[in-house]
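The values are calculated or read from the model by the stated rules, or taken from the named source; none is laboratory data. Nothing here was measured: the structure is a model prediction, and the numbers come from that model. In this analysis, Cβ positions are derived from the backbone assuming ideal geometry, glycine residues included, and neighbour counts consider all displayed protein chains. When the accessible area is computed, the model is the full protein with side chains, heavy atoms only, and any ligands, DNA or RNA have been set aside. Shrake-Rupley method; radii C 1.70, N 1.55, O 1.52, S 1.80 Å.
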Amino acid sequence: FATWSYSPSSSVVLPDGSLEPGALARLLALVEEARRRGIVVDLTFARGIPGSTDGTFAAYRDGMAAVAAALGPARNVLVDVGNEHDYAPAGCLSRDGVAQLAARVRAADGARPVTVSTGGLLPDDAANVYLGLFEVVDLSVVAPHFLRDAQWAGATGARVTTLAARLGEQGVSV
């Protein structure tokens with residue numbers, strides 16, 4: 001739903017930062033149905049998708065804040081301010097960019113859980129990215145997208161444990 005201008009029929013946020021009313025209505029209906037069923041929605045925003053027509057960072061930020069405000073009291077939504085924010089082909093977001101986006105979401109809804117996902121990393125690299133992010137932004141959770149290799153499915157549990165231990169060594173509770 002939050003894919004940045006990938007398709008006007010599926011994107012909530014348009015290139016100018018305004019919201020597409022039909023897509024927003026569908027998102028809010030999905031969020032309500034998920035709440036009714038006890039499901040948490042991971043609402044992920046993304047830029048740099050092949051075929052998209054990205055607007056400016058300011059429009060992206062403002063659109064994200066407008067969506068956060070539109071969610072109102074729905075407590076079953078976690079906002080990922082930048083899908084795989086550190087993955088170059090998707091268009092990287094800097095630490096400061098992540099901090100600005102998270103701040104705008106929190107300004108719209110101070111209780112909204114906020115994260116940013118990493119892309120294609122192993123646990124030690126993901127820990128380093130998150131430790132750097134924690135210097136400038138208070139994230140609610142970490143959302144690593146680990147390296148997708150032949151061992152990916154079987155190694156996920158061990159990778160999560162390694163990441164949690166590495167962050168715990170630095171005083172970050174996950």
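Find the relative contact order for the chain and round it to a whole percent, using C-alpha pairs within less than 8 Å whose residues are 6+ positions apart. List each step's numbers first, then the result.
Numbers: 305 pairs, mean separation 30.3, N = 174.
Worked out over the chain, it gives 17 percent.
Protection proxy ranking, highest mean first, for peptides 121-133, 30-42: 121-133, 30-42, where packing is the per-residue count of other beta-carbon atoms within 10 Å, averaged. Taking every protein chain into account, the accessible area of the range 37-163 amounts to 45 square angstrom per residue (probe 1.4 Å). With the biggest extent put first, the Cα atoms of the chain measure 44, 35, 32 Å across the principal axes.
Work out the length of the dipole vector of the range 107-166 about its Cα centre, built from +1 on the beta-carbon of each Lys and Arg and -1 on the beta-carbon of each Asp and Glu, and round it to the nearest 20 debye. Please list the in-between numbers first.
Numbers: 4 positive and 6 negative charges, 36 e Å.
Taking the Cα centre of the range 107-166 as origin, the dipole is about 180 debye.
Label-to-label distance for Val40 and Ala58 is 3.5 nm, based on points extended 7 Å past Cα in the beta-carbon direction. Out of all DSSP beta bridges with both ends in the chain, state the antiparallel percent to the nearest 5. Around 10 percent antiparallel, to the nearest 5.
Counting Lys and Arg as +1 and Asp and Glu as -1, each charge on the Cβ, what is the dipole of the chain about the Cα centre in debye, to the nearest 20? Please list the in-between numbers first.
Details: 14 positive and 18 negative charges, 96 e Å.
Taking the Cα centre of the chain as origin, the dipole is about 460 debye.
Remark: accessible surface ordering of Thr115, Thr161, Thr156 (largest first) is Thr161, Thr156, Thr115, probe radius 1.4 Å. Angle of helix 95-108 to the longest C-alpha principal axis of the chain, folded into 0 to 90 degrees and rounded to 10: 50°.
Shown in residue order for the range 63-73 are the 3J(HN,Hα) couplings computed by the Karplus curve 6.51 cos²θ - 1.76 cosθ + 1.60 at θ = phi - 60°: x, 4, 5, 5, 5, 4, 5, 5, 5, x, x Hz (x for Gly and Pro).
From the residues Pro144, Gly168, Val129, which one has its Cα farthest along the dipole of the range 102-174 in the positive direction, the dipole being from +1 and -1 charges on Cβ of Lys/Arg and Asp/Glu about the Cα centre? So the residue we want is Pro144.
In this label model, Arg26 and Leu122 are separated by 4.0 nm, measuring between points 7 Å along each Cα→Cβ vector. Considering only Thr115, Phe45, Val67, and ranking their Cα positions along the charge dipole of the chain that arises from unit charges at the beta-carbon of Lys, Arg, Asp and Glu, the one farthest toward the positive end is Val67.
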